[in-house]
Structure formats: structure tokens, C-alpha cells
Amino acid sequence: MATKHEHSTHLDLMVEHPKQYNVFLLNDDYTSMDFVVDILMKLFRKNVHEAHKIMMEVHQKGRGLCGVYPYEVAETKVYQVSSLARESGFPLKATLEEA
Ligand code: TYC
């Protein structure tokens, strides 16, 4: 943070407001609805009601927003979705894009 004798610079602003990234789950024909709800609760900290709502949105519209995070966190969520899905034999995928 700039002191009272300095001007706030572009870099100061970037340090305080890092870019945020939307993480989306993608629909597929094979992953079970229960597994998607579990992923939303465990990785994206949703309650069962929110998780079910997002899962149905993905199922009906093709994708749904699961969370908004700094880049490294968003990338980790995407990776954790595919690893947990692969371990359970599901093709579930997530993507990220700048918010
Ligand atoms: N379409 C899947 C089914 O009918 C359910 C599903 C929902 C899969 C959301 C992926 O991200 C997803 N079993």
C-alpha cells in the first residue's frame, strides 16, 4: 500500500485487486448427478441446496458457474475436478475464464 507521501500506482492497484477467474462445470452424458452435487459441496463449498441448483443448471444449459477465485486457486479447482472425477470413472470437466 502506498504511504501518504506517495501516489497510488497501477501496481499498487494490481496488488490489491488481482484478476478474478470464473470456474464453470461442464455438462456431459455420463457423470452422475449425485457426484456433481458432491463435487460442488466438497470443492466449491456449496450447501446441498446451492449444489443441486448449480448441478441442474449445468445439466440443462451446458455449463454453470461454481465459483470465482484468483488464477492459481481457479486452476487448482479445475485440476481437482478432473482428478476426483477420473478416480471415480467419470468424465466431468471444469473450465476457467477471466471474470
Ligand atoms: N448430465 C448428467 C446426467 O444426466 C448430469 C451432469 C450434471 C453431468 C452436471 C455433469 O456438470 C455436470 N447424468
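Annotations
- Between the beta carbons of Glu16 and Glu50, assuming R0 = 30 Å, the FRET efficiency works out to 0.55 to the nearest 0.05.
- Computed over the alpha-carbon atoms, the stretch 18-98 gives an Rg to Rh ratio of 0.94, Rh here being the Kirkwood radius from the mean inverse distance.
- Helix-only mean residue ellipticity at 222 nm for the chain, each DSSP H run of n ≥ 4 adding -39500 (n - 2.57), per residue, nearest 500: -15000 deg cm²/dmol
- Dipole moment magnitude, nearest 20 debye, the stretch 18-98 about Cα centre, only Lys, Arg, Asp, Glu C-beta charged: 140
- Restricting the chymotrypsin sites (Phe, Trp or Tyr not before Pro) of the stretch 22-99 to loop positions (DSSP other than H, G, I, E, B) with no more than 10 neighbouring Cβ atoms within 10 Å leaves Tyr30.
- Inter-centroid distance (Cα atoms) of the stretch 70-97 relative to the stretch 21-57, Å: 12
- Going from the residue with the fewest nearby Cβ atoms within 10 Å to the one with the most, Met55, Met33, Met41 rank Met33, Met41, Met55.
- The alpha carbon gyration tensor of the stretch 49-92 gives principal lengths a ≥ b ≥ c with a/c of 1.5 or higher and a/b no greater than b/c, which makes the shape oblate.
- Efficiency of FRET from Cβ geometry, Met33 and Thr76, R₀ 35 Å, rounded to 0.05: 0.90
We did not get these values from a lab; they are worked out from the coordinates using the rules stated. Worth saying up front: this structure is predicted, and the values here are computed from it rather than measured. Quick reminder, even Gly has a Cβ in these numbers, built from the backbone with ideal geometry, and neighbours come from all protein chains shown.
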